[in-house]
Each structure stands twice: as structure tokens, then as C-alpha cells.
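Structure, as C-alpha cells:
The values are calculated or read from the model by the stated rules, or taken from the named source; none is laboratory data. Source: prediction; values computed, not measured. Please note: Cβ atoms are built from the backbone with ideal geometry, for glycine as well, and neighbour counts cover all protein chains shown. Heavy atoms of the whole protein, side chains included, go into the accessibility calculation; ligands, DNA and RNA do not. Shrake-Rupley method; radii C 1.70, N 1.55, O 1.52, S 1.80 Å.
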Amino acid sequence: MPDLDRIVKDIAEEMRARPDRGTVASYIPELARVDPQAFGLVVIDGDGRVAAGGDADSPFSIQSISKVFTLTLALGMVGDRLWRRVGREPSGSPFNSIVQLERENGIPRNPFINAGAIAVTDLILSGHQPREALGEILRFMQFVAQDNSIAIDERVAASEKRTGFRNAALANYMRSFNVIENPVDYTLGVYFHHCAIAMTCRQLATAGLFLAYSGHHPLAGHSVISAERARRINAIMLTCGHYDGSGDFAYRVGLPGKSGVGGGILAVAPGKASICVWSPGLDAAGNSHLGRIALEMLVKRTGWSIFGV
Ligand SMILES: NC(=O)CC[C@H](N)C(=O)O
């Protein structure tokens, strides 16, 4: 067993000092206020052993990492019917790209680009009030993170709502194909709010445990989803979790992972651990710059890549 405490501390120390930190997202104005010096890393295994370094307990905006959990919830609600509305191929395009939708009849490539995640949110909303759908999502996050204090950062949600013109374009366009069925404002409202959930690295790493352990959450003590579904969600994280940077992430890190523009990455080492890293500066594809480098170092020292040591 690798000395995880040592490894995590070493990485956090090295990352703290690096001058190259990427660029903090500013298209959601509230996110631009975050300190680019922040860095946190948490690794949790199935016995609840935790290795934590840096700002492991500072809440940050989980943004697109929420899409892993909305996908899990929606699959639980509608099963494989979900795949009539959303594909499961990498897009090779930026997370907020519009162009593919017209060529492909309003069906988004996968559930992790914005269009796909908005379509998934619309499925969760079906037949409910936005407030109920949001409550469902939040309660699920609290359950998998084993922490009822998790909340939505209303300032981030309002900030994105004010500036979310592209997401509104995507949602309206999909509505014209009936890929979205609820009033566009309702769907977008729920989407903006689940992206604005604030969590710490420790909470997110805990929340990812069921994906690392075949659908079973070792700390909650029971199954969240089937092993087959967990395996499939991991596959989509590997192929689509970093947008047009997914190939490079697989090449360098070799773990299923999901990034968010808040600078977080949730990564899953099947059978070994759930990992969350946070560094707010992003690379050109909108993925955490130091987060990816930190995971690359972690995998090198643990041998956890799913592709071999
Ligand atoms: N990549 C992301 O994290 C994007 C999520 C963000 N809420 C958006 O819709 O633009």
C-alpha cells in the first residue's frame, strides 16, 4: 500500500509553490473572486481512511462535477430511456459548444457537456416543481457526501443566471426538438443551482466513493446504484469528463474523472480510492491546470492508472 499521507502532503506542498496556475474562470463573475493560490487534495479509500493536503476543507463551486450526480439520479429515475435524449460519445468540442446540436437533431453528444447536462436536468425536473427537483439533487449530494450541511451558493447561482446566455441558447435550441420538455426557465434554473452547490474536497471525495466501489458506498453502508451502472458512469467520465481535454486526461492520468470550472476534479480509482483535487486556475479546455498535474503525480506514485503502472 502506498504511503498516501506522505504522497498527498508532498503533492500539496509542491502545488502550493508552483507559479503556473492557469486562469480562474471569469465568465461567471462570482467565480472570478476565488483566490488562485488555493489548492486542496483529498484521497479516501473504502475503509474511510483519508489523506488530506492543502485547503481540503474549503468549500468551492462544484460546477460541472454536479453532472456526475445528476446523471446518476436521472438514470435511477428513468433508466436507459435517458439515452434517447443524450448520447454517450466524446464531443471533441468545448463544454459550452453549440455547433454540434444542429447537425445532430438537438441531441447532445454526452451528459457532461452543458447541453447534455441541461437535458439530464430536464429529465429530473419532469413532473416536479423546480424547488422539488433541486431538493432531490441536494439531498442526494448530502447523502453520498454523508454531510447534511452541504448547500447551494446562491450568489454563484444568481451570477450564472445573469450571464448564462449561451446555456439559454442551448436550452432553447433543444426545446425546439423537444429534447427539453419543461419550460426552459425552470430547467435552466435547476441547472444553474445544482452547478452552484458548494463543497469541499473532503465532501466530494466522499461523494465519489460509490463509483470507486462498484456502486456500493462503504461509508453509507449500502448500495447507491448497481455495479453495472457504476462501471458505465465511470466509462463516460473517462471518455467525456474533461470535454475536449478528455483524451489528454486519459493519457496523462488514466482515471475516470470529472472537472468543473470552479477548478475541482473528482477522480475515481476503481477498487482503490475516490479522489478530489481543487485548484481554481483552468487550462485552455476549462479544466483545472494544477488539478490535472497533481493527479498525474498521484497516479505516478500510486500506480493507480486503470491502464497499468
Ligand atoms: N464546465 C463547467 O463546469 C460548466 C458549468 C457551468 N455552470 C456552465 O454551465 O457554464
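Values for this structure:
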| item | result |
| --- | --- |
| Cβ-derived FRET efficiency at R0 25 Å, M1 paired with E89, nearest 0.05 | 0.10 |
| Gain on full stretching of the segment that runs from A220 to E154 - 0.36 nm per residue minus C-alpha separation | 21.0 nm |
| Cβ charges +1 (Lys, Arg) and -1 (Asp, Glu), total dipole of the chain, debye | 400 debye |
| 1.4 Å probe accessible area per residue over the range 65-197, in Å² | 43 Å² |
| Student exercise, the range 65-197 dipole from Lys, Arg, Asp, Glu Cβ charges, in Debye to nearest 20 | 220 debye |
| Equivalent-ellipsoid semi-axes of the range 1-150, from the Cα gyration tensor, Å, largest first | 32, 21, 16 |
| Cα centroid of the range 1-80 to Cα centroid of the range 181-208, whole Å | 15 Å |
| Sites F177 and R131, calculated FRET efficiency, Cβ-Cβ separation with R0 30 Å, nearest 0.05 | 0.65 |
| Linear extension gain, D185 paired with R81, 0.36 nm per residue minus alpha-carbon span | 35.1 nm |
| As computed over the range 65-197, the Cα convex hull volume per residue (Å³) | 98 Å³ |
| Cys residues of the chain counted as unpaired, since no other Cys beta-carbon is under 4.7 Å | C195, C240 |
| Rounded percent of accessible protein surface that carbon and sulfur make up, the range 75-219, 1.4 Å probe | 48 percent |
| Evaluated at q = 0.09 Å⁻¹: base-10 log I(q)/I(0), Debye formula over Cα of the chain | -0.38 |
| Separation of alpha-carbon centers, the range 81-100 and the range 215-256, rounded to whole Å | 17 Å |
| A32 paired with A235, simple spin-label distance in nm, labels 7 Å along Cα-to-beta-carbon | 4.2 nm |
| Filtered chymotrypsin sites (Phe, Trp or Tyr not before Pro), the range 200-309: DSSP coil and at most 13 other beta carbons within 10 Å | F307 |
